[in-house]
Amino acid sequence: MKTEFEKMRSGELYCFEDQEIANSIIHAQDLCAKLQTMTINSKDYRSVMEELIPGFNKSVVVCPPFHCDHGHGISIGEGTFINYNCTMLDSAYIRIGRNCQIGPNCQFYTPIHPFDYKERRKPVESSKPINIGDDCWLGGGVIVLPGVSIGDRCIIGAGSVVTKDIPADSTAVGNPARVIKKL
């Protein structure tokens, strides 16, 4: 039988009050709180980021403040830059490709609450992964919803809300984001 944590990572309905999940969130909250008093030049910045996001590449820059639920559900490709105040709710995996530019105040949401209001009263949700390809540029304030994939070399205009997959080599803008140009 799967644990609640395993259900969370596999996209099934899970109880977010589970102790293993709670411990993971508390660990990430403590590390994110430390980051709030740091800059990318602070002595302990790299060690905190490496503890928060396992495999955190030396060529990656994430400007604090930064917020996430777990941290270990995030992978960021080499050469990627993430500007101030990014939020990644990583109940499901969030994968950011290589050499991406992520503007300030971008948000990545993987959790999905039940549609039925009676179910929403319970401490349950599911989640779907987010995938961002290589060499993408997301302008400031972009929001990426659960289950979305953005192909390689895409540009997503500032303030866009990405609700559906965006094919490689596309420029997409708006709410909901729609492709306006092939690159």
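Which residues make up the longest stretch of the chain that has no chymotrypsin sites (Phe, Trp or Tyr not before Pro) in a DSSP loop with at most 14 other Cβ atoms within 10 Å? In short, 1-83.
Go through Lys118, Lys43 and list them by solvent-accessible area, largest first, probe radius 1.4 Å. Could the numbers behind the result be given before it?
Details: Lys118 115, Lys43 190 Å².
Highest to lowest solvent-accessible surface, that is Lys43, Lys118.
Only helices enter the 222 nm calculation for the chain: every DSSP H run of n ≥ 4 contributes -39,500 (n - 2.57), and dividing by all residues gives -5500 deg cm²/dmol, rounded to 500.
Order Ser47, Ser127, most accessible first, counting only protein heavy atoms with a 1.4 angstrom probe. Mind showing how you got there, number by number?
On the way: Ser47 65, Ser127 5 Å².
Sorted by accessible area, descending: Ser47, Ser127.
Sorted by accessible area (1.4 Å probe), largest first, how do His70, His27, His113 line up? Provide the component values of the computation, followed by the final result.
Values: His70 5, His27 75, His113 100 Å².
From most accessible down to least: His113, His27, His70.
Using only side-chain charges placed at the Cβ, +1 for Lys and Arg and -1 for Asp and Glu, the dipole size of the range 94-145 relative to its Cα centre rounds to 260 debye.
Using the Cα centre as the reference, give the magnitude of the dipole from point charges on the C-beta atoms of the chain (Lys, Arg: +1; Asp, Glu: -1; all else neutral), rounded to the nearest 20 debye. Numbers along the way, then the final one.
Values: 19 positive and 21 negative charges, 110 e Å.
I would put it at about 520 debye.
Within straight-line reach of Lys7, meaning a Cα separation under 19 Å, sit the following lysines at least 8 residues removed in sequence or on another chain: Lys122, Lys128. With equal scatterers on the alpha carbons only and no solvent term, can you work out the Debye log10 of I(q)/I(0) for the chain at 0.15 1/Å? For the chain, the Cα-only Debye profile gives -0.86.
What percent do you get for the relative contact order of the chain when only Cα pairs under 8 Å and 6+ apart count? Don't skip to the answer; put the middle values down first.
On the way: 496 pairs, mean separation 26.5, N = 183.
After rounding, I find 14 percent.
Round to the nearest 10 and report in Å² the accessible area of Met38, as given by a 1.4 Å probe over the protein chains' heavy atoms. Estimated to the nearest 10 Å², Met38 gives 30 Å². In plain terms, the chain from Arg95 to Asn23 could stretch by 23.7 nm, reckoned as 0.36 nm per residue minus the Cα-Cα distance.
When the chain is described by a simple charge dipole with +1 on each Lys and Arg Cβ and -1 on each Asp and Glu Cβ, the residue from Asn175, Ser75, Gly55 located farthest towards its positive end is Asn175.
The values are calculated or read from the model by the stated rules, or taken from the named source; none is laboratory data. Bear in mind that the values here come from a model prediction, so they are computed numbers and not experimental data. Methodologically, a virtual Cβ is constructed for each residue, glycine included, from the backbone with ideal geometry; neighbour enumeration extends over all protein chains shown. Remember, those area values only see protein heavy atoms, side chains included, never the ligands or the DNA or RNA. Shrake-Rupley method; radii C 1.70, N 1.55, O 1.52, S 1.80 Å.
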